[in-house]
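For reference, the structure is listed below as structure tokens.
Derivation of every value follows stated rules applied to the coordinates shown; laboratory data play no part. Bear in mind the structure is a predicted one, so any value in this text is a computation, not a measurement. We place every Cβ from the backbone using ideal geometry, glycine too, and count neighbours over all the protein chains shown.
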Amino acid sequence: MAFTLTRIQRAEADTIEDSEEYILNMGPQHPSTHGVLRLLLRCDGEIVKEIKPYFGYLHRCYSKVVEDLTYVQGVPYSDRWDYLASMTNNHVNCLAIEKLAGIEVPRRAEYIRVIIAELQRIASHLFWFGTQVNDLGGYTPFMWAVRHREKIVDIFEELSGARLTYHYMRPGGVMRDINSKAGKWIEEFIKELPQHMRNYDDLIMGNEILLVRMDGVGVLTSDLAIKYGISGPVLRATGVKWDLRKNIPYSVYPEFDFEIPTRQKGCSLSRWEIRIEEIRQSARIVAQALMTLPAGDYKAKVPRAIKPPKGDVYAAIEAPRGELGMYMVSDGSTKPWRVHCRSSCLINLTALNEITRGAPIADLIAILGSIDIVLGETDR
Amino acid sequence: MIEKDQNIAPTQKHLDQPIGSDFDQNLLSFLDSEFKKRKTLDAILGRFVPLWGILKGLNITRKAIFAPKSTIQYPEQKLPVAKGFRGQHVLLTDPHSEQLCICCGSCVNICPVNCIEIKFEQAKETSKRKRDLIEYNVDLTKCLFCNLCAEICPEFCIILGPKYEYSDITRGLGNLMVTKETIERRATNEEYDEILAKKGPKKSAATGDTTKAKPEN
Amino acid sequence: MPPEVKNTYPEIESCLKEIAESFPAVEIDRERVREQVAVLVNPSDLRKLMEKLYNWKEYPLNYLRCITAIDRLTHIEVVYVLINIPGGGGLTVIARCPREDGKLPSVFDLWHTADFQEREVFDFFGVQFEGHPDLRRLLMSEEIKGHPLLKDYPKGGDPDDLVTMKAYLPDGWLEKMQAEKERLKQWLKDEVEKIKSQGTVKPEEKKEKKE
Amino acid sequence: MFTWILRESYKIGLSPTIPAWAHDLWFVIMGLLIFAVIALPLIIAVAYLTLWERKILAWAHYRLGPNRAWGYGFLQPLLDAVKLLIKEDIVPVCVDWPVWFLAPIVAFTPMVACFLAIPMSNAFVNMKLQLPGDTEPVMHVFQVPMIAGNLNIGLLFILALSSLVVVGIFMAGWGSNNKYSLFGGMRSAAQIISYEVPVILSLLCVALLAGSLSTVDIVKAQKFIPPGEMKTYLELDRLSMSGSGFDYTKRGDYLNLDYFKNLEGDEKIIAAGKLYHRYNDYVNTQGSPRLPFIIPLFIAFIIYFIAGVAETNRSPFDLPEGESEIVAGFHTEYSGIKFGLFFLGEYGNMILISAIAVTCFLGGYLGPAIPGMSWITASTGEYIYYFFWFILKVCLLVSVMVWFRATFPRLRVDQLTDFAWKALLPISFINILIVGYMHFADWNFISIAETNWILWYDNIVRPFEYPFLRALMLLFFVPIVSDYVYRYRKVIMPRFIYAEIAFILAFMGYDIFTLWFGSKTFEIVLRCLLYAVALFLTIWMWRDVILAMRSGQQFPNLPEEEAMGMVEKVKPGPLGVQETIEIPTTSYARE
């Protein structure tokens, strides 16, 4: 119903010839642009006619800096792209280096990587859950989600020694072995996850206000999503069953049994459901990986100065926010000739103008939250 | 059991033994059963009672209001820092405050942000070591705390310690650019034993200094 | 052992055959990009090739994963990583274009995702994409001069645009950076001559020898 | 205290024989005194309400809340107030200064003024005084409610003033010369105007039951007396007054002591005092149940509370200052004590809405007798006992509001107004019908069953039926399918007119048949037929639409939609004509 009303508002707003349109400058300092995104809105009343995003307020010259560093030195920089999912950033960086240099990763290391990456996905989705509801005006879920995410952060601190920018995954394996304390914590976390998820569902998921706010808002069709290069939960919400962990497997993922949740409507609510379902699937993957954790080395023997042969590589993984890719060019020396990061947030934002057209500003905020951007990754 | 790989973290021994697959094998089935759990009464009421979701939400916040709180009163109480935490640098000397660093400059070279600078001079013939470390400055405003310097160090004498309260209002030398005097401390005996254990097998390595391999005690 | 990654798709092979027939100018390189087949084209053929790949009946490469560019000192290579959803097979199309005011046809109307990525390439390499709706800088601010990811762009910014430099730099650094820029120009000239002479590029090793 | 004030004031020679103007002046002074007694505690109450809210929110987040300022944060509100006072008062460039400056005051003052008409406690005063009709000064028993202005239109006064807040907020939105502030102002205007209607309709039920608009009478009407007991001592009155010709349903009649000729001295006075109370107890509550009105008017209470939360711009209706959408809404540009005034206004409104709800639905200052506190009498400060109950109930409702904030996300603007006009308004209309009928039937279900149904029809249905049936059509069909109306208007309009004609025939039929045949039964049968026709026409009118809604099919796009090319997706592009527009990033850019 709300959607039809916005449609009729849109129809009326468009039929008026002399409607007083104006420019509204949202951001870079705005509570819910998730950092320093700047949107230039052409509005009519509260109806958004067109959006012109401006990036670069968090640009840190990643590509230019890394060209002067060796491959190993470049890895800690990748922590800073998506500071809510640093592990996956390390993962794609190490994956690119290993493909380029042909490094064999031990099996135990791969398993540890999978466990860590899925925990990171859960943490990132939890944080998204909090911020999404915060954008919609609910304050409690944010605190609950952050309090829950804190457990994962503790696990990562126990493993890597850092709480935000864990430089944990290294070319050829991981930094330290997964010790029994962290293992116990992971097991506890996984075991009490279902209760937490039930609490979240009771708290907000069935809430009628949330449903009317999210349902049918920011609809994106599947063909349009593919045309826009959308990836991750936003793409899956449009009905496309595309997940790099299944379609282009890149680690030991083929050995685990998990499902790829998809929805058909492509609205914000279906993105919501996808992410909530992905948390469950990630928990299942972690459980399987823990149950069959092989013994062995946690890190291959890597020369101090990696000298990959000449050539290019495009490595991509399924990060929490979509396909996180890395195009790396080696000229045979110890330093990469060119490094490019394919940011999922930036490319998901390409469709923002399309899916928010004719929606009121309140919906724009909801849609922005449901795309789940991190400006660190958008600007690199 | 300790790898001879040079990139191994020096704090590996501090941590517990690495685990095998000693987790309970019913984890997955437990998860599936838990996720499948549905409250039928809830579903029925949700269909027929208007605004049932809102009432549920109110109920669960009511529970939370009277639940025990999880705040840590920071300056008074502090959370324990994990072993192997990557905080401010620590420059270890041996238990007799004899300098362990051989001024090879590996940490300076590996640092991605060039936040370490060292000054040394040739030692006199009387002393066992070749070089005397004069200055060891770490610029914390630049540092990424990536732990690479600690992993590359052939003497395992520079590590990232557990100190995380190093914020300051000025950036100058001694405040956020910590000096040798600030970060240097004696290694405890077990730390020193671990360092010896790591160095022992690779006495003849080109990077290590053979004369310093076995100090007297 | 890691699971073997499926990197050969029969559809792609047939596709490559047809490309080789219809576009004699393109060269197909199987070694260059790991686990993928690279198709090197000239700017003139790019547009036609892209339309063919996008409208491929059996196996349309409908998903553009990534656009980026590489500065090869003599020319700039713009890389398009294409893939088919849900097939999974893909190609890497690499278009060469001259280094100074290089022009390429935009693929915006085929893949809308090219909107920001082409802007990024233009921002960092100065490649003009003809047919792009609004080709502005993406990440750098408008008043920046030059294109930073070119190899002869001095670290820390272009000393010629005083607007930005004066604001950020302490005294005396401007002269240093101008000297650095001169050095880089000279270095680039030498490199290009060497490449033309021997046809191999190893600038990093040369630099190490210098230092 | 009030007892004391009155007694002392009479000692110092305010004799009952003072002229009328002095008598008025006396009540003016009393009003000012009580206002001074009200306004200061109000500010403090608001300050500590903020602390209480932060505490509850923190507990809901598993946090502790502010606990650094002196113990459990008892000094926090004071420190916040000091901070706001000593903060720099920033005046942005090119604000509309007078409007911008006046806005906080306009938003704050009506809230305080509303508390004039809220009775917070009650005291019994016996005093010797010569009222018209007394031959000499005699002892009289007076109920002095602790209220600044005991207006006989108290409810109206409160409603009128409380809806003035929107003016201040809108002034702030307009004067700040900031688009986000303007959003906030517009939103709050739309919101408060929409939610005034359900508020008034739900308070109308209260006025209906209490038989008065005076808040004091409304509270007295909720004094719990078991109906049986009520009946008995009304009859006792009848007996005691038999022969005296006393009519206790006439106001003021009880002061005419000629009825008590047969009584002597004090007995006469006591009878007068008794009659005074009997009168108040009876006349205010003619036939209504002697309960807190939340029991008979539960639905009205719910409607009022929801709409009241909306009127105070609280979550989930906090659109005017929803910080995730429009940065801080109407008070984006305000700082220092101006912002503080807005803050006070909002939280004072919370207290006000709760106080009105307590007064009208929860029995005001009345409360059950506390066991063991029987020593509380008029002489030992009964008003404290009443005041305690009042404060307790208000705190309860305010906490519920904070609890809402800890739970709910925010609605959108159109959903907000939908909720007011499509959900709350029809429900409150129907609620009024039911309440009116119950009231007519004396809240006695047996008598409802016994009522002659034609009488029932004449008295209840007929006055309401035309508006009621039209309201049915307009409220339940038109808004719900407004979009479809927009698309199907050509189909719908003629049928709409047929249905209208059928209704009018039905109403004409009533008079015709009563005049010509005088047969009510036949007339009503025929009217039922006509109603059937009209309702059939109504349903037929919406048939296509309802079927379309059922099948969920896609609706024909409007011609103007297709003209605008909105049916197929329009490619995103540059800003077009407005490509090279100057955007003032700050408000200083205009200079």
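Assorted remarks:
- Most simply put, region B:81-212 has about 75% antiparallel DSSP beta bridges, counting only bridges with both residues inside it.
- Label positions at B:T40 and A:K246, each projected 7 Å from the Cα along the C-beta direction, are separated by 3.1 nm.
- Magnitude of the charge dipole for chain C, about its Cα centre and with charges confined to Cβ atoms of Lys, Arg (+1) and Asp, Glu (-1), is about 420 debye.
- In terms of its C-alpha gyration tensor, region B:81-212 comes out prolate, because a/c is 1.5 or above and the ratio a/b outweighs b/c.
- With 31 Å as the limit, the listed pairs B:K78/B:K130; B:K83/B:K142; A:K184/B:K37; A:K64/A:K301; A:K52/C:K103; A:K227/A:K301 have B:K78/B:K130; A:K227/A:K301 beyond it between alpha carbons.
- Between D:L33 and B:H96, the distance separating the two model label sites (each 7 Å from Cα on the Cα→Cβ line) works out to 9.3 nm.
- Think of each Lys and Arg Cβ as +1 and each Asp and Glu Cβ as -1; about the Cα centre, that makes the dipole of chain A roughly 1400 debye.
- Sites C:E175 and B:E165 - FRET efficiency at Förster radius 56 Å, r taken between beta-carbons, to 0.05: 0.85
- Within 10 Å of the Cβ of each residue in A:153-165, the mean number of Cβ atoms contributed by other protein chains is 5.
- At R0 = 35 Å, FRET efficiency that the Cβ-Cβ distance of B:E190 and B:I72 yields, to 0.05: 0.75
- With a Förster radius of 30 Å applied to the beta-carbon distance between D:Y48 and A:L211, the computed FRET efficiency rounds to 0.25.
- Each label was represented as a point 7 Å from its Cα along the Cα-to-Cβ direction; for C:S141 and B:V108 these points are 3.6 nm apart.
- For chain C, the antiparallel share of DSSP beta bridges with both residues in that region comes to about 75%.
- Average Cα contact separation per residue, chain C, under 8 Å, 6 or more apart, as relative contact order %: 13 percent
- From least to most packed, judged by other beta carbons within 10 angstrom and beginning with the fewest, B:I169, A:I23, B:I60, D:I147 follow the order B:I169, A:I23, B:I60, D:I147.
- Degrees between helix A:361-371 axis and first principal axis of chain A (Cα, 0 to 90, nearest 10): 20 degrees
- On Cα atoms only, tilt of C:10-22 relative to the major axis of chain C in degrees: 70 degrees
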